[in-house]
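Q: Got a structure for you, written out below as structure tokens; questions coming shortly.
Nothing in this text is a laboratory measurement; each read-out follows from the coordinates by a stated rule. This is a predicted model, so every value here is computed, not measured. Glycine gets a Cβ as well: all are built from the backbone with ideal geometry, and neighbour counts include every protein chain shown.
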Ligand code: PHE
């Protein structure tokens, strides 16, 4: 059976940009920039992009395109003992999609509530009490929140219809889902520019506070942001590249994807800080305090700011529509990575059916996040998967590509198919810079978490996070522990 293909080069690049540009660009990047030194944060961010993000993205594109398989099959072709690395990466992606879809479900609930601006009285109370019905602690699961569950089902139906025909249906979706959020962001930017206080917000965003550069936490935040935002080490970019033809250009696709993604992050920073500047001017709260509100930025602070504007219903609806359209192509890229693992093994299986079962499993896995303790579980799982499982997977990928298979031989392949040539610095990055810098970050995070339990959660709850990390490690190590089957012995001839 012939392998599926993207209908054109542009469609592939749009799909890769769609996977990269997601919820991470609109709330995670701006709040990190606000928290870690405004303009100065761009320095570690851009260094992380060049030193780790760009080389690793190119590595994923090269492996997928050369091996013409998803993460598990491609790693197996690189070296049979390493297929567990691919499985661990895809499994982490699957764990992420289960809660990523729930965040999109919250956005859908907000979209419906936009026209009445239901949070106008108190955005905080609205989010925690009316939407989440949050329980008093992680030990109190409470019941499932029906509106969130219904929204989650709707989100999964949407995801299903994006992936059900593989690259063909995904290709027709990304043509709209990539430009749409950018257009909506531009409308919101025009709105922000006309508001009082916008320039104060921008000033905080761009004014560098240099002393933060001495803080290792800032560097760690910048590196993990680059991973999350470029969808690295989950097997998604590798899977997408496996649907290109083996002689397609790699270098230019990597530049275009990585630079467009960062440009959209920086652009959304202008929107967010402009609106926060306005809110600060209306409520006499310092902008830095508003920006550093962490994950609550998109569902508490921003909605509150929108409710203060003229025409709040319209702009709130645009904002939440933008969040959903931003998230959808990231969400389905994670599903595609899982589908491809099955379809590589059983090419005669129908994509529609594989997609159905993967989406149904994702929906069921997400139900825990729709309970009253859902936010706590989401927070714990997100922390451990993005700080440990993914870092381990990325280190493993760099070692496999750089040392086991050979960075130089991959570089020769990349240069043979690309117009722009890539220098020896790429091999140095894959072999040394990526594994060493990520290992340092991993150990720094480990020592922080061992010193003080993450967010003060009880140890049994954090145990769930550690169990997920151990499971990833176990899956990676398993093929090394199982003795190789003895080679086939030819039967002795009786005569
Ligand atoms: N890059 C996406 C974002 O910024 C998240 C994502 C991670 C998507 C991993 C796919 C794989 O929101």
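Q: Debye sum, Cα scatterers, region 35-140, no solvent: what log₁₀ I/I(0) at q = 0.13, 0.16, 0.23 1/Å?
A: Result of the Debye calculation: -0.86, -0.95, -1.14.
Q: Only Cα pairs under 8 Å and at least 6 apart count here; give the relative contact order of region 9-480 as a rounded whole percent. Working shown, then result.
A: Working: 744 pairs, mean separation 163.7, N = 472.
Relative contact order comes out at 35 percent.
Q: Per DSSP H run of at least 4 residues, take -39500 (n - 2.57); add these up for the chain, divide by its residues and hand me the 222 nm value, nearest 500 deg cm²/dmol.
A: Counting only the DSSP helices, I get -21000 deg cm²/dmol.
Q: Where does each of 311-321, 93-103 land if you order them by average Cβ count within 10 Å, highest first? The partial results should precede the final answer.
A: Numbers: 311-321: 19.7, 93-103: 23.8.
So the order, starting with the most tightly packed, is 93-103, 311-321.
Q: Where does helix 9-20 land angle-wise versus the long Cα axis of the chain, in degrees 0 to 90, nearest 10?
A: Once rounded, the angle reads 60 degrees.
Q: If you don't mind, there's one more thing I want to ask. Over all distinct alpha-carbon pairs, what is the Kirkwood Rh of region 68-217 in angstrom?
A: For region 68-217, the Kirkwood estimate is 20.2 Å.
Q: What's the ranking of 376-384, 408-416 by average number of surrounding C-beta atoms within 10 Å, highest first?
A: 376-384, 408-416
Q: Right, another one. For region 9-480, what ratio Rg/Rh do Cα atoms give with a Kirkwood hydrodynamic radius?
A: Details: Rg = 21.3 Å, Rh = 22.5 Å.
That ratio is 0.95, to two decimals.
Q: Right, next: Grab the alpha carbons of region 184-239, take their convex hull, and tell me the volume per residue in Å³.
A: Hull volume over Cα atoms, normalised by residue count, gives 108 Å³.
Q: For the Cα atoms of the chain, what angle does the longest principal axis make with the long axis of helix 179-193, in degrees from 0 to 90, nearest 10?
A: On a 0 to 90 degree scale, this one is about 30.
Q: Now for a different question. Give me the Å³ per residue figure for the convex hull around the C-alpha atoms of region 276-405. Mind showing how you got there, number by number?
A: Working: hull volume 21.7 nm³, N = 130.
Looking at region 276-405, the number lands at 167 Å³ per residue.
Q: Given the C-alpha centroids of region 342-368 and region 204-264, what is the distance between them in whole angstrom?
A: What the calculation gives is 28 Å, centre to centre.
Q: Angle, helix 146-163 long axis vs. longest principal axis of the chain, Cα atoms, 0 to 90°, nearest 10?
A: Taking the Cα atoms of the chain, the angle to 146-163 is about 40 degrees.
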